[in-house]
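Novice: Take a look at the following structure, please.
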Amino acid sequence: MKKLLLLCLIFGLSQVEIKAQELTMFSGFLNYQYYQDDKKISRKKFVSLLEKDIVAFDHWKKSKTFNTLSLVALASEAGFAAWEITDNNDPSNDTVTKIGVYGSFAAVIAFGILSHSQKKKAILKYNQGLDNSNAFSIKPSKNGLGILMQF
């Protein structure tokens, strides 16, 4: 009787599915809002969850790098724009300032897009790791009596 009860308990526990919660990110007014399924979480908690997956966290670090480069390009954009506005009298600097303004503007856009793309990749990679294809399950054996354990 005890063996039958133990077998029923093992079989019952193998049928219980524990689903991990997926991460999502939405852009807010000034910054991003992070969610674990439908529950809002802090950025710190979000990053700590991403740290569990090495590949996802690597994408997140690349995103931070591109975001920093975007901010540097934005600062240079402001500097070149101020230089062009204040230096109206000297036409020899006109070409340099225009190249600086347009080049830094293109860099801001490019690094911003790359940063957002890396954030998406980090979230998608983390959520792929939650796939149940590697879930633990116990099934009847196909070659006779017994129990088969799959991972």
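The values are calculated or read from the model by the stated rules, or taken from the named source; none is laboratory data. Fair warning: this is a prediction, and the values are worked out from it, not measured in the lab. Cβ placement follows ideal geometry from the backbone for every residue including glycine, while neighbour counts extend to all protein chains displayed.
Novice: Could you list, in sequence order, all residues of region 93-109 that are free of Cβ contacts under 8 Å to residues at least 24 places away in the same chain and among the aliphatic types (A, V, I, L, M)?
Specialist: VAL96, ILE99, ALA106, ILE109
Novice: Out of the residues in region 53-92 meeting the condition of being without any contact (Cβ under 8 Å) to a residue 24 or more places away in the chain and part of a loop (DSSP other than H, G, I, E, B), tell me which one is surrounded by the most Cβ atoms within 10 Å (Cβ to Cβ).
Specialist: ASP87
Let's see how each residue does on (1) farther than 30 Å from LYS52 by Cβ; (2) of a type in the set (D, E, K, R); (3) within 20 Å of the chain's Cα centre (by Cα):
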residue: GLU84; (1), (2), (3): yes, yes, no
residue: TYR102; (1), (2), (3): yes, no, no
residue: ILE109; (1), (2), (3): yes, no, yes
residue: GLY112; (1), (2), (3): no, no, yes
residue: ILE123; (1), (2), (3): no, no, yes
residue: ASN127; (1), (2), (3): no, no, yes
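Novice: Which one of the conditions (1) at pLDDT below 70; (2) over 14 Å from TYR126 (Cβ atoms) does ARG43 fail to meet, given that it meets all the rest?
Specialist: (1)
Novice: Give the residues of region 33-52 that are loosely packed, with under 14 Cβ neighbours inside 10 Å and not in a helix (DSSP H, G or I), sorted by residue number.
Specialist: ASP37, ASP38, LYS39, LYS40, SER42, GLU51, LYS52
Novice: Here is a follow-up. Please determine whether any residue of region 23-31 is aliphatic (A, V, I, L, M), modelled with pLDDT under 85 and under 30 Å from LEU124 (Cα atoms).
Specialist: Yes: region 23-31 contains one or more residues that are aliphatic (A, V, I, L, M), modelled with pLDDT under 85 and under 30 Å from LEU124 (Cα atoms).
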